[in-house]
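Accompanying notes for the structure given below.
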Amino acid sequence: MKDSSLLVENTLPNATEIKKLEKKDRVIYIYIGKPTQEYAKVFGTEPKIQLNDKFANVDEVGSYILAERAKKPPELQNVLTTALKVDKNANMGLIADIKQELRKVNALKVNYTTYDGDAFNNLK
Amino acid sequence: MPRRKGAPEVNAGSMADIAFLLLIFFLVTTTIETDAGLDRMLPPMEPPDEDVIIKQKNIFTVNINKNGQLLVEDDLMNLKDLRTAAISFLENGADGSCSYCKGKKDPASSDNPTKAIISLKNDRETKYSIYITVQNELVGAYNELRNREAQRLYNRDFTEMESEYLNPETPSNVRDELKDKVKNIQDMFPQKLSEAETSTN
């Protein structure tokens, strides 16, 4: 079921060499993209981070990961994956900042969530 | 008042409508999550204790600028050629220790697959979609080589073996058997993809 509604545009890019995320209980999601039309007036059109159901700044990512990690059973805490659902029009600057935050809290396993499709369609 | 015979009948005429409405409701509210993507590991925060000296020829540099153009080993390259270039770098095998490599053994390129490192750099203004395409091509290069070796040794694709191994529904005896094979192929072409911090200018 849907557990959080999207506040950001989230058209994922395509890729072919993808792996399935098999175990849903081991995944923490981070959404990145431009705020959708109804939020664009308040939050602008620059890509933003969405954690759970609200917008967040880059420096909140670390504490979010730690909080989510603490919610999981102890045996899973070391095998968590962070799924980055990034809109294909986002810039790498924001992603680089997030990657930096993830490294700080030792959440090193990431999955760039994509659709299954020809990667060269991304260039259009 | 006459006694009623048997249990009273429930009017179930609208049952089908109710079931139909429920079906529509759940169809509309359920989103099918996309749950596949490119798996990557970030480098740990602490730098390694000792500085490892890596020969320049063992590093394959890929630079993406803010316009989405590729600079591979200091030459401009089309994205479509990246996969082939990465493959020929990875299996170059200049020192001859790699028996399964089919590369050109060019002394100016990588020694063997275990030493070959791909270094990916990008600008802060690079589009995410371009970055994913490049990542996809590089992972694709590894997968192509791994598939080739898996076909030779076990007559099946590595990607297929790996996804069966990672699938929790696979019986454990099958998984144990696959584990060694997957590990073996991974060791033949270890994925060494380094992502330095994004350049600021």
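The values are calculated or read from the model by the stated rules, or taken from the named source; none is laboratory data. As the structure is a computational prediction, the values presented were derived from the model and not from experiment. Cβ: placed from backbone, ideal geometry, glycine included. Neighbour counts: every protein chain shown.
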Restricting region A:99-124 to residues that are surrounded by 20 or more Cβ atoms within 10 Å (Cβ to Cβ) and among the hydrophobic types (A, V, I, L, M, F, W, C), the residue that is farthest from the other protein chains (Cβ to nearest Cβ): A:107
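Here is a yes/no grid of residues against (1) within 12 Å of the chain's Cα centre (by Cα); (2) of a type in the set (A, V, I, L, M, F, W, C); (3) at pLDDT below 90:
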| residue | (1), (2), (3) |
| --- | --- |
| A:68 | no, no, no |
| A:72 | no, no, no |
| A:83 | yes, yes, no |
| A:106 | no, no, yes |
| A:111 | yes, no, no |
| A:124 | no, no, yes |
Considering residues of region A:3-39 that are small (Gly, Ala, Ser) and surrounded by fewer than 14 Cβ atoms within 10 Å (Cβ to Cβ) only, the residue modelled with the lowest pLDDT: A:4
Failed item in (1) among the polar types (S, T, N, Q); (2) within 7 Å of chain B (Cβ to nearest Cβ); (3) in contact (Cβ under 8 Å) with a residue 60 or more places away in the chain, with residue A:91 passing the rest: (3)
Checking residue A:83 against (1) crowded, with 17+ Cβ neighbours inside 10 Å; (2) closer than 12 Å to residue A:15 by Cα, the condition it does not meet: (2)
Failed criterion for residue A:7 (all others in (1) more than 10 Å from every other protein chain (Cβ to nearest Cβ); (2) of a type outside the set (Lys, Arg); (3) within 30 Å of residue B:168 (Cβ to Cβ) hold): (3)
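Quick one: is residue A:96 small (Gly, Ala, Ser) and within 21 Å of residue B:44 (Cβ to Cβ)? Before you say what the answer is, go through the steps one by one.
Details: small (Gly, Ala, Ser): yes; within 21 Å of residue B:44 (Cβ to Cβ): yes.
Considered against the rule, which asks whether it is small (Gly, Ala, Ser) and within 21 Å of residue B:44 (Cβ to Cβ), residue A:96 comes out as yes.
Of the residues B:21, B:71, only one is part of a helix (DSSP H, G or I) and either more than 13 Å from every other protein chain (Cβ to nearest Cβ) or under 27 Å from residue A:12 (Cβ atoms) (or both); which?
Exactly one residue qualifies, and that residue is B:21.
Residue-by-condition table, conditions (1) closer than 15 Å to residue B:61 by Cα; (2) free of Cβ contacts under 8 Å to residues at least 60 places away in the same chain; (3) assigned to a helix (DSSP H, G or I):
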{"position": "B:107", "(1), (2), (3)": "no, yes, no"}
{"position": "B:112", "(1), (2), (3)": "no, yes, no"}
{"position": "B:131", "(1), (2), (3)": "yes, no, yes"}
{"position": "B:136", "(1), (2), (3)": "no, no, yes"}
{"position": "B:140", "(1), (2), (3)": "no, yes, yes"}
{"position": "B:143", "(1), (2), (3)": "no, yes, yes"}
{"position": "B:147", "(1), (2), (3)": "no, yes, yes"}
{"position": "B:150", "(1), (2), (3)": "no, yes, yes"}
{"position": "B:156", "(1), (2), (3)": "no, yes, no"}
Test: residue in region B:60-72 that is buried (at least 17 other Cβ atoms within 10 Å of the Cβ), among the polar types (S, T, N, Q) and closer than 25 Å to residue B:188 by Cβ: no
Hits in region A:17-72 (condition: among the charged types (D, E, K, R) and either touching a residue at least 60 places away in the same chain (Cβ under 8 Å) or in a helix (DSSP H, G or I) (or both)): A:19, A:24, A:25, A:26, A:38, A:41, A:59, A:60, A:68, A:69, A:71
Selection count, region B:158-193, where residues are under 20 Å from residue B:117 (Cβ atoms) and within 13 Å of another protein chain (Cβ to nearest Cβ): 2
Qualifying residues in region B:77-105 (those that are free of Cβ contacts under 8 Å to residues at least 12 places away in the same chain and part of a loop (DSSP other than H, G, I, E, B)) - the one farthest from residue B:60 (Cα to Cα): B:99
Hits in region A:69-95 - residues which are more than 22 Å from residue A:114 (Cβ to Cβ) and not aliphatic (A, V, I, L, M): A:69, A:71, A:72, A:73, A:74, A:75, A:77, A:78
